[in-house]
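Structure, as structure tokens:
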Amino acid sequence: MSIKCEFTEIRSQACLSIRLRTSAAERSDVFSRGYGAIAQYMQECKVEPAGCPFAIYYNLDMRGLDVEFGFPVSGSVSGNDDIQPGKTPGGKSVTCLYIGPYSDVGSSYRALTEWIKDNGYEAAGIAYEVYLNDPIATPPEKLKTQVYQMIRHLEL
């Protein structure tokens with residue numbers, strides 16, 4: 001199956017998130033607990049999510065992922081302990097829609113890397129995933145993830 005990649009500019013949004021280091025093997029459990037804690041905090045603050053949950057990957061070291069995850073929000077919200085206000089990435093990116101279990105999303109990153117190479121860009125360091133449906137209510141083969149790789153023009 002061919003993965004369709006395309007250039008896009010994304011807008012930064014205010015968010016509440018948790019940033020930490022974890023391994024790929026522990027990511028699912030960490031995300032589950034963390035998203036739950038953020039959702040509970042948002043409920044206490046009477047704040048609604050302004051979009052789908054996300055994860056920002058500052059590196060792709062599967063044993064030591066530097067990852068931030070959370071929810072976009074409208075307006076300004078203060079943080080609490082590990083939950084902090086921030087902004088989602090904004091700017092030039094290449095994106096693709098991945099459908100399937102989270103554990104197989106690597107094919108999307110390979111397709112994005114190829115698009116970047118073929119189109120005169122270079123990766124700008126941050127990968128960004130937006131989770132479009134609920135993993136509790138959706139079978140793994142139908143999970144939808146919008147995957148973004150931030151980019152910049154290749155300097156020659």
The residue that is surrounded by the fewest Cβ atoms within 10 Å (Cβ to Cβ), considering only those in the range 63-88 that are of a type in the set (Asp, Glu) and assigned to a loop (DSSP other than H, G, I, E, B), is Asp81
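Do we find that Gly70 is closer than 22 Å to Pro140 by Cα and free of Cβ contacts under 8 Å to residues at least 24 places away in the same chain in this structure? Before you say what the answer is, go through the steps one by one.
Values: closer than 22 Å to Pro140 by Cα: yes; free of Cβ contacts under 8 Å to residues at least 24 places away in the same chain: no.
When the stated conditions are applied, Gly70 does not pass them.
Residues that are hydroxyl-bearing (Ser, Thr, Tyr) and either touching a helix residue (DSSP H, G or I) at 6+ places or on another chain (Cβ under 8 Å) or without any contact (Cβ under 8 Å) to a residue 24 or more places away in the chain (or both): does the range 33-49 have at least one?
Step one: filter the range 33-49 for residues hydroxyl-bearing (Ser, Thr, Tyr), giving 35, 41.
Subsequent filtering for residues that are either touching a helix residue (DSSP H, G or I) at 6+ places or on another chain (Cβ under 8 Å) or without any contact (Cβ under 8 Å) to a residue 24 or more places away in the chain (or both) retains none.
No, because not a single residue in the range 33-49 is hydroxyl-bearing (Ser, Thr, Tyr) and either touching a helix residue (DSSP H, G or I) at 6+ places or on another chain (Cβ under 8 Å) or without any contact (Cβ under 8 Å) to a residue 24 or more places away in the chain (or both).
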Of all residues in the range 105-154 being of a type in the set (S, T, N, Q) and either without any contact (Cβ under 8 Å) to a residue 40 or more places away in the chain or touching a strand residue (DSSP E or B) at 6+ places or on another chain (Cβ under 7 Å) (or both), the one that is nearest to Pro49 (Cα to Cα):
Asn133
Go through (1) over 22 Å from Ala124 (Cβ atoms); (2) at pLDDT 90 or above for Ser76 and report which single condition fails.
(2)
Can you find even one residue in the range 96-106 that is closer than 18 Å to Gln149 by Cα, assigned to a strand (DSSP E or B) and at pLDDT below 95?
no
Tell me yes or no: at least one residue of the range 44-62 is in a helix (DSSP H, G or I) and either over 27 Å from Leu154 (Cα atoms) or of a type in the set (S, T, N, Q) (or both).
yes
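Does the range 105-141 hold any residues that are among the small types (Gly, Ala, Ser) and either more than 17 Å from Phe31 (Cα to Cα) or crowded, with 19+ Cβ neighbours inside 10 Å (or both), and which are they?
Result: Gly106, Ser107, Ser108, Ala111, Gly120, Ala123, Ala124, Gly125, Ala127.
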Give me the residue from the range 15-29 that is at pLDDT below 95 and not polar (S, T, N, Q) and, out of that set, surrounded by the most Cβ atoms within 10 Å (Cβ to Cβ).
Arg27
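The values are calculated or read from the model by the stated rules, or taken from the named source; none is laboratory data. Just so it is clear, the model here is predicted, and its values are computed rather than measured. Note that we place each Cβ from the backbone using ideal geometry, even for glycine, and neighbour counts take in every protein chain shown.
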